[in-house]
Structures are given as structure tokens and as C-alpha cells.
Amino acid sequence: MKIIKSYGLNHVRYHTWCPPEAAFEAADEVGLYLQPELAGVPYAEIDRILETYGNHPSFCMLSLNNEVMGNTEFNEEVVAKAKIKDKRHLYVCTTHPVGANRNDDFFISAWGVEKTNEWPFAKRIVGINWGGGDVVNASRFNLFPPETQSNFSSEIKGLEVPIIAHEMGQWAMFPDFDDIVKYEKGVLRNTNYERIKAQIEKRGLLPYNKDFANASGMLSSILYKEEMESILRTPNYGGYQLLDLHDYQGQYISIVGILNDFWESKGLVTAQNHSQYCNAVVPLAKMKKRVWTNNEKFETQVDIANFLFDDLVAVKPEWKLINQHNEIVKKGILNQKTIGKGGLTSFSAIGVDLKSIKKATKLTLTISIPKSSYENSWEIWVYPQNIPQNKGNVTVIDGTQKDILEQKLAAGQKVLLLLDKTTLKMYRESCFTPIFWNSIHKWPQKAHTLGLLCNSKHSVFNDFVTDNYSNWQWWDITMNAYAMNINDLPQHIKPLISVIDSYIVNDKLAYMFECKVGDGKLIVCSIDFKNNISNRPVSKQLMFSILNYMNSNDFNPIDKLEIQDVSSLLQ
């Protein structure tokens, strides 16, 4: 049984395992729309389902099955007969087909109708590569720098029925082992979490559990927000379904929810924040990018989606741009318009000259509708166009210069060792997005990581504004880095930037760590600071911050390694 929660455009599908009659009665009472699905050909129960439950006002939609690609003609015939028997509902041959079927009243899929030369011969209408596979080279979130203006208009062009995204999201997160005790109060035992906990404890990673869960969850939450908004930005898109709002332990393990298995908050987003982008009225900022330099003018178009039953008359949206210190950089009022029901209304653009911003800054843009609770916010980052790269008394070398590395460290000097896949003995492909769903079912995925974790208060980030998780500005860094496998280093090494591995493998991975080697001081880093760096302001700013830190009195690593330990990372 699939529940459709409807706020006009925003349909969210959940799984429920309660008895059908109870589900319908509860949905009737609270105002949910239900989309039941049958199970198994030849759909012998369809007549009895319509007769038994058809009078429930919550019974709005019916799908013959889930993800069945064959029996097209037979399915179409069954739908045609169902329409004759009971005209009160909307019918579809299957949830997530390849191409629309005749007689469908609506269309639910992760694939649109715009053709491609590769299976499934249609372009995706969700953010992730829904079938798994090479997420690095398939998902728009990895292929293109972060922005907030793309939509799925071309992918759904020509569809004559409402379209709903199938199982959107599925951005995986790391489990929180504090939930284990909750299962002990019932009849189930969470051996999934117990196995993962034992594995990371062997790696010395157990103290990171809460941080891994939160950081991977925050990455997933910003991806969910952008994916929902990309659908809202698409004219004539009928809505979306999530695989679920909460985690579930079936199908090996699926930690993809903003809520945990017990429908409890993980502390990632509040209900108020979630309602900014999952609501009947949603302001939308259409930015070509999230990272800017201070020689540019920040610009964004503004749309407002309205799926109330009424127009919003004579609205003058307000906007403000604040920095990380909650200081207003600029604010204004947009032109007055009536926001028509059932679609998008475009307002005047916002433009702000950024030349007054002299150092790396995070800004938050908020657009709100006065005298209402409707508002939405987006984070952007501004960097100086001209960032000096003063090495000072730091020696910067790569993994081919082992002799220089030993000499400088033996002489008590400071060294920044930059490694890549050509010099690392063990590394992991990494990318911006986390894995899709779970990596047991989708093992061919090219990357199996869940974002990064860093200590944002550490002095190495003094000149690099960051949260402790992969926010949007980390895109350029993570798409140009390899995760070092440091399983064999002493466990006391605490990475400055950890990479969160899939909970299936649980390697200890890092982009950067610091240590003392003899009298020398060392930072080892596997981020690319060379290729096309002049056009990569985020990476350039991080390099600037690292060098400033290494040239300051703050650079005094506590952890110690032998030169043989460092050499063990190299080919």
C-alpha cells in the first residue's frame, strides 16, 4: 500500500504495513490521498478491492503494480475494465514503467519520455541515477556544478497526463547506533547495525559514529531540498514520491530517511525548515551557480509556486541576503503580482554587486511572502577573485618526491604532501553525492562514499568558511579528489577531513590529515590543487587557508608517525 500525502503538487509516497481498512479509515480522517497497488498478475483482486474500499474518499489513485515492465497490453485492458467498473479513481498500469501506457490517467516514473540511446532509452526525471551504476558520470549533481535553475521540462515534454517522480531521493546516510537499544524493546533485533558497529569499532572509528550520521544526513538533506525544488521549478510536473521519509531495515538495509525507523527526527531539519520547500506555496530562487567571486554580480530569477486552491492577490515578496554573522548585506522588495493558483509565477530578478566582500564568505538568501509563513532560503559562497598562494616556509611536494620528503622532515621543516591516484597505494574513487539507496543492491556504483566530515572549528579552516559536512561549496573539491585509504596507519591519526565510507565496507578514508614526523611537521592531502586551479575558486581558497595555517603558530600537530608510516601510503 502506498500513501500519497498531497499538498497540491507535492505528493509523498510512503509504505504502510497496517491492515487496508485501517489505513483507509485513518487517511479519510486526516485527509491523505492513497494510491493502493495490487500485487501480482492476473490482478484477480481488483474487483474486490474496488467494491470493498472504493467508497473511501482517500482512495484516489490505483496502480496495478510496482516496477513491472511487461504485460503492457494486458495491463491496459485491466485498467480499461476498472475504469468502466468504478470511474471515481485515477488509474495507472504500473508504477515506474518504461514509457507511458495507453489508458493511464497519470504517469509515475524515474524516467521521462525524452529518448536516449541507452537503457532505459529515456532520460531521468529525478536527480540520482535511479538504476545505480556509475553515479559519478550520470547524476547531474556530479556532472555539473551546483545551481538552482535546472528543471525537467524537456524530459517530460509531450506527456498528456500528470507526471509524478518515482521514489525520488534515496540519498544514503550513515546509521546512528544509538538506535540499537530501541529495537531491544520490541521483537526485532537490529543485527544490521550491530554488524556495522563491530566493523567500525575495529577501525577505531566508533567515536565518529554520531558525527558520521549527522554529516552524511546533512548532505542528504540538502540534496533532497534541491531535488524537490527542481521538480517545483518544472512547469506541468504533477508531483513527486519519496522512497520513504524514514529508514527501513528491509532489502539488506536502506538508510535513506530524514526520519529514523521509528519515525523520529534525526535532527537534520526541523519541520519548519522542511515546510520551506515542501508546501503548498514555495518561493524558488533560480541561480546559475552557488559559488561566486567578488568581481561578479550575484543574480537570481525568482519564481513562486502556488498550489493552494486560491490565488494570492497583490503580493510583494521580500528578500534579504545575510552573511554568516547574521548581518544583512542587502535586502529588497520585488514587484507586486498576483500569484495564480496551480503553477509558477515569475517575479523581478535580484542582483547584488559582490565587490564589497573582501574575504571568503557564506551568504544566505531568503525570499518571503509578507504576512504569511511562506519563505525559503539558499546558501551561496563568495570568494576573492585574487587569492595569493604564498608558500612561506612550507615545502609543497608530490608523492614522487620521496627523497625531498624525508630530507625536509628530518631537518624539522614543514611539508605539504599532495597525493593523487598515480602516487597513492590505496585510494577510493569519491564524488560529491552519497551512494544511491544501498551499495549491496547497487554495487556497480563507481563511488561508495557518503560525503565528508571535518572539524570546521580547526585552525586549518580559518580562511575557509565551512560547516562540518559536505555543503554545496565542497562540490569542486570532492569532484577533484581521491579518498586516501588509511586503514593501516595507527588509529590515533585523526583526519582533518574524513571521507565517510559506505556502511557496507567501512574503510577509514581521508582527504587530509596532519602529523609530526621526527622534528618535522606534515600535512598529507589528496585534493587536486593543480589542475585548472585558477578557475576553481573554492579549491584555491582551501589551499590558501591550509598554507596560512601551516605558516602560523597554530600548526603544531599532536599525532606522531614514523616516516615508514607515511611511505606506506605511496606506491
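Laboratory data are not the source of any read-out in this text; all were calculated from the coordinates shown. These numbers were taken from a predicted model, which means no experiment stands behind them. Cβ placement follows ideal geometry from the backbone for every residue including glycine, while neighbour counts extend to all protein chains displayed.
Per-structure values
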{"item": "Label-to-label distance, nm, for residues given as Asn335 and Ala44 (7 Å Cα→Cβ offset)", "result": "6.4 nm"}
{"item": "Sorted by Cβ density within 10 Å, fewest first, the residues Asp501, Asp310, Asp105, Asp507", "result": "Asp310, Asp105, Asp507, Asp501"}
{"item": "Which of Tyr208, His96, Thr72, positive extreme of dipole for the chain (C-beta unit charges)", "result": "Tyr208"}
{"item": "Too-long pairs where the Cα-Cα distance tops 31 Å, listed order kept, from Lys225/Lys341; Lys123/Lys316; Lys408/Lys457; Lys210/Lys414; Lys182/Lys202; Lys408/Lys540", "result": "Lys123/Lys316; Lys210/Lys414"}
{"item": "Proxy reagent accessibility, fewest Cβ within 10 Å first, across Met173, Met426, Met228", "result": "Met426, Met228, Met173"}
{"item": "Given charges at beta-carbon only (K, R positive; D, E negative), |dipole| of the stretch 357-487 in Debye", "result": "80 debye"}
{"item": "Neighbour-limited loop hits for chymotrypsin sites (Phe, Trp or Tyr not before Pro), the stretch 186-264 (at most 16 other Cβ within 10 Å; DSSP other than H, G, I, E, B)", "result": "Tyr252, Phe262, Trp263"}
{"item": "Sites Glu318 and Gln491 - FRET efficiency at Förster radius 51 Å, r taken between beta-carbons, to 0.05", "result": "0.45"}
{"item": "Intensity falloff of the stretch 314-443 expressed as log10 I(q)/I(0), Debye formula with alpha-carbon point scatterers, at q = 0.09, 0.12, 0.19, 0.21 Å⁻¹", "result": "-0.60, -0.82, -1.09, -1.18"}
{"item": "Cα-based equivalent ellipsoid, the stretch 281-383: semi-axes from gyration tensor eigenvalues, Å", "result": "27, 12, 11"}
{"item": "Tilt relative to the chain, helix 20-30 - C-alpha long axis, 0 to 90 degrees, to 10", "result": "80 degrees"}
{"item": "Label point distance in nm, Asn117-Asn553, each placed 7 Å from Cα along Cα→Cβ", "result": "6.4 nm"}
{"item": "Student exercise, the stretch 153-203 dipole from Lys, Arg, Asp, Glu Cβ charges, in Debye to nearest 20", "result": "300 debye"}
{"item": "Scaled radius of gyration (Cα, divided by 2.2 N^0.38 Å) that the chain gives", "result": "1.06"}
{"item": "Ranked Ile108, Ile369, criterion: other C-beta atoms within 10 Å, fewest first", "result": "Ile369, Ile108"}
{"item": "Test item: Cα-centred dipole of the chain, Lys/Arg +1 and Asp/Glu -1 on Cβ, debye", "result": "1660 debye"}
